[in-house]
Amino acid sequence: MVFSSSIFLFVFLPVVLLIYYLIRPEFRNPFLLIASLSFYAWANPIYIFVILFAIVANFLFGKAIAKTLKKGKGTRRFILTLGILSNLVPLLYYKYYNFFFTTVNQIAGTDFPMQNHILPLGISFFTFCGIAYLVDIYKRKTEVQNSLVNFSLYLSFFPKVSQGPITRYGDMAGQLENRTCTVEKFSGGIRRFSIGLAKKVLVADVLGQMVDSIYNLPANQNTAAIAWMASIGYTFQIYFDFSGYSDMAIGLGKMFGFDIMENFNYPYISKNISEFWRRWHISLSSWFRDYLYIPLGGNRTGNVYVNLMIVFLVTGLWHGAAWNFIIWGIWHGIFILLERVFRVHKIQIKVPPVFKWLYAMFIVNIGWVLFRAPDLHYALNFLGVMFGVVQPVDVGFTINWYLSGKMLFAFVVAVLASIPWKKVFPCSFSQVEGTYLAVISKNVWAVVLLFFSIMGVMTSTYNSFIYFKF
């Protein structure tokens with residue numbers, strides 16, 4: 001079940017909201033837990049045991065760590081290590097088993113059997129939430145949760161369980177115990193959900209159909225112009241797909257009284273790759289900073305460049321068990337390192353800001369080709385077509401065949417919606433901010449977006465979230 005499906009929009013969400021506000025407040029967390037586990041089990045009921053294992057393991061290890069806070073550090077560290085392993089083993093098995101043993105078979109000539117299983121929904125996200133919870137208890141950054149119901153809801157809350165944001169327990173702890181559900185927050189949640197649904201249905205899905213049709217062909221059966229169009233299309237598709245989901249998750253959270261962290265901040269206005277990662281998938285970037293980069297030594301101990309490259313290597317692996325994801329992570333890591341060298345040695349290249357922006361978007365766009373391609377071989381061939389190294393053969397379609405009026409409209413909307421207009425024209429927005437005109441326009445805009453998005457849901461068969469597979 002995805003947020004942009006008819007079953008979610010017209011059955012699951014209305015029923016859950018209705019019951020949630022009809023029952024007494026003390027029963028709301030248990031009810032939300034039942035709803036969240038039902039949502040999780042919808043895709044594949046057998047994998048409910050995976051998240052239940054994660055819930056029970058992290059709950060027990062959290063209590064064990066809390067009990068040893070006044071004892072020796074060695075005991076506490078040993079329990080933390082076991083707790084982290086309990087999170088990583090299922091992730092490594094389901095996500096990386098086939099990749100690892102396929103690589104071993106190719107290198108060593110062995111014949112290890114492959115596993116035919118489907119990746120459990122959101123395993124990368126709730127695994128990182130569990131690890132963060134244990135580490136924060138270990139470092140005394142948060143108190144242990146003694147209610148199994150509340151902790152289970154934290155780890156499985158349906159708005160964020162499948163694609164994040166990767167919410168820290170400390171950010172939700174108080175809200176699990178006590179939260180306010182107001183008309184203002186609820187209406188704000190609807191507006192935010194409507195924006196996210198529109199991003200997904202009216203932009204990402206439209207561009208996705210074009211991108212998929214091009215990437216489904218052999219790489220060399222596209223012209224350079226078509227390949228560039230697909231790469232730019234995917235650059236917008238993945239942003240509006242994932243940020244749209246995050247908007248919907250934040251909006252759903254508000255409908256139930258929760259405040260979920262922001263996950264995107266207009267990443268495509270970045271003027272370097274370091275800035276891009278401060279604006280893109282913020283919850284993941286901050287997680288790697290706090291739970292991998294700093295423990296490795298960060299800027300203080302060890303080789304900072306090695307630490308950074310390890311982080312981006314793991315970032316690539318986190319996104320997918322394939323060489324193209326690993327190279328994608330290394331690709332970004334290389335430019336992060338180069339930019340750091342320039343900063344440390346105070347090397348400044350004086351060029352107009354637009355050229356800095358073009359540099360950043362060029363690197364990001366090339367990276368998304370590695371990310372989107374089915375494998376590394378295809379990605380290299382596709383990049384070869386883009387840069388004229390690989391010559392196209394048997395090209396069946398022209399670029400005009402793909403550029404329908406609907407597609408062009410989606411591209412224009414994507415460009416306009418990637419710009420923070422409030423920062424571009426602050427005076428104009430400040431004059432109407434807080435007035436009745438602003439309130440009315442926000443609500444009308446939300447209704448219009450919701451109407452056209454629902455029309456899109458009803459008439460489209462393309463309905464998959466990119467980050468579901470991670």
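The values are calculated or read from the model by the stated rules, or taken from the named source; none is laboratory data. Keep in mind it's a predicted model, so treat the numbers as computed, not measured. As a convention, Cβ positions derive from the backbone with ideal geometry for all residues, glycine included, and neighbour counts pool all protein chains shown. Side chains are part of the model used for accessible areas, which takes the heavy atoms of the whole protein and leaves out ligands, DNA and RNA. Shrake-Rupley method; radii C 1.70, N 1.55, O 1.52, S 1.80 Å.
Would you please state which residues of region 221-264 a label at residue 404 would reach in this model, taking the label point 7 Å out along Cα→Cβ and a backbone N cut-off of under 18 Å?
Only 230, 233-234, 237 pass the distance filter.
Could you list the square roots of 5 times each eigenvalue of the Cα gyration tensor of the chain, that is, the equivalent ellipsoid semi-axes, sorted largest first and rounded to whole Å?
Output for the chain: semi-axes of 34, 31, 24 Å.
I want to verify the translational diffusion coefficient of region 370-423 in µm²/s; compute it with Stokes-Einstein, Rh as the Kirkwood radius over Cα pairs, at 20 °C and 1.002 mPa s.
Details: Rh = 14.1 Å.
Answer, rounded: 152 µm²/s.
Tell me which lysines have Cα within less than 16 Å of residue 350's Cα, excluding those fewer than 8 residues away on the same chain?
271
With a 1.4 Å probe and every protein chain kept in, tell me what percent of the accessible surface of region 128-250 is carbon plus sulfur.
Carbon plus sulfur share of accessible area: 55 percent.
Mind ordering 238-248, 136-146, 31-41, 73-83 by average Cβ neighbours within 10 Å, highest first?
On the way: 238-248: 25.5, 136-146: 17.4, 31-41: 19.5, 73-83: 15.3.
Peptide ranking by packing, descending: 238-248, 31-41, 136-146, 73-83.
So if R0 is 60 Å, what FRET efficiency would residue 18 and residue 345 give, r being the distance between their Cβ atoms, rounded to the nearest 0.05?
So, using R0 = 60 Å, E works out to roughly 0.50.
Hey, can you find the accessible area per residue of the chain for me, probe 1.4 Å, expressed in square angstrom?
Ligands and nucleic acids excluded, the figure is 47 Å² per residue.
If you look at just the Cα atoms of region 79-163, how large are its Rg and its Dmax in Å?
16.4, 50
What full-extension length gain, to one decimal in nm, is calculated for residue 93 and residue 223 as 0.36 nm per residue of separation minus the Cα-Cα distance? Show your work: numbers first, answer last.
Values: separation 130, 0.36 × 130 = 46.80 nm, distance 3.97 nm.
The residue 93-residue 223 span can extend by a further 42.8 nm.
Treating cross-link reach as a plain straight distance, find the aspartates and glutamates whose alpha-carbon is under 15 Å from the alpha-carbon of residue 70, omitting any fewer than eight places away in the same chain.
Those aspartates and glutamates meeting the cut-off are 143.
If you stretched the chain out fully between residue 430 and residue 112, how much longer would it get, using 0.36 nm times the residue separation minus the C-alpha to C-alpha distance? Let's see the in-between values first.
Values: separation 318, 0.36 × 318 = 114.48 nm, distance 6.34 nm.
Result for the pair: 108.1 nm of gain on full extension.
Which order do the peptides 333-340, 255-262, 107-114 come out in when sorted by mean C-beta neighbours inside 10 angstrom, highest first?
Per-residue mean Cβ counts within 10 Å order the peptides as 255-262, 333-340, 107-114.
Calculate, axis by axis, the spread of Cα positions in region 65-222 along the three principal axes, and write the results as whole Å, longest axis first.
Projected onto its principal axes, the Cα set of region 65-222 covers 64, 56, 21 Å.
Setting aside same-chain residues fewer than 8 positions from residue 423, which aspartates and glutamates have a Cα under 15 Å from its Cα?
Partners found: 433.
Leaving out ligands, DNA and RNA, and with a 1.4 Å probe, what % of the accessible surface on region 257-311 is carbon or sulfur?
Looking at region 257-311 in its full context, I get 55 percent from C and S.
How large is log10 of I(q)/I(0) for region 228-290 at q = 0.13, 0.17, 0.27 Å⁻¹ when the intensity is taken from the Debye formula with one equal scatterer per alpha-carbon?
For the requested q values the scattering log ratios are -0.41, -0.67, -1.14.
Quick one: if you stick a label point 7 Å off each Cα along the C-beta vector at residue 437 and residue 377, how many nm between them?
Those two pseudo-labels are separated by 6.1 nm.
Any idea how far apart residue 299 and residue 43 come out in nm if each label point goes 7 Å out from Cα toward Cβ?
Output for this residue pair reads 3.8 nm.
Contour minus end-to-end for residue 187 and residue 452, with contour as 0.36 nm per residue of separation and end-to-end as the Cα-Cα distance?
So the extension gain works out to 93.5 nm.
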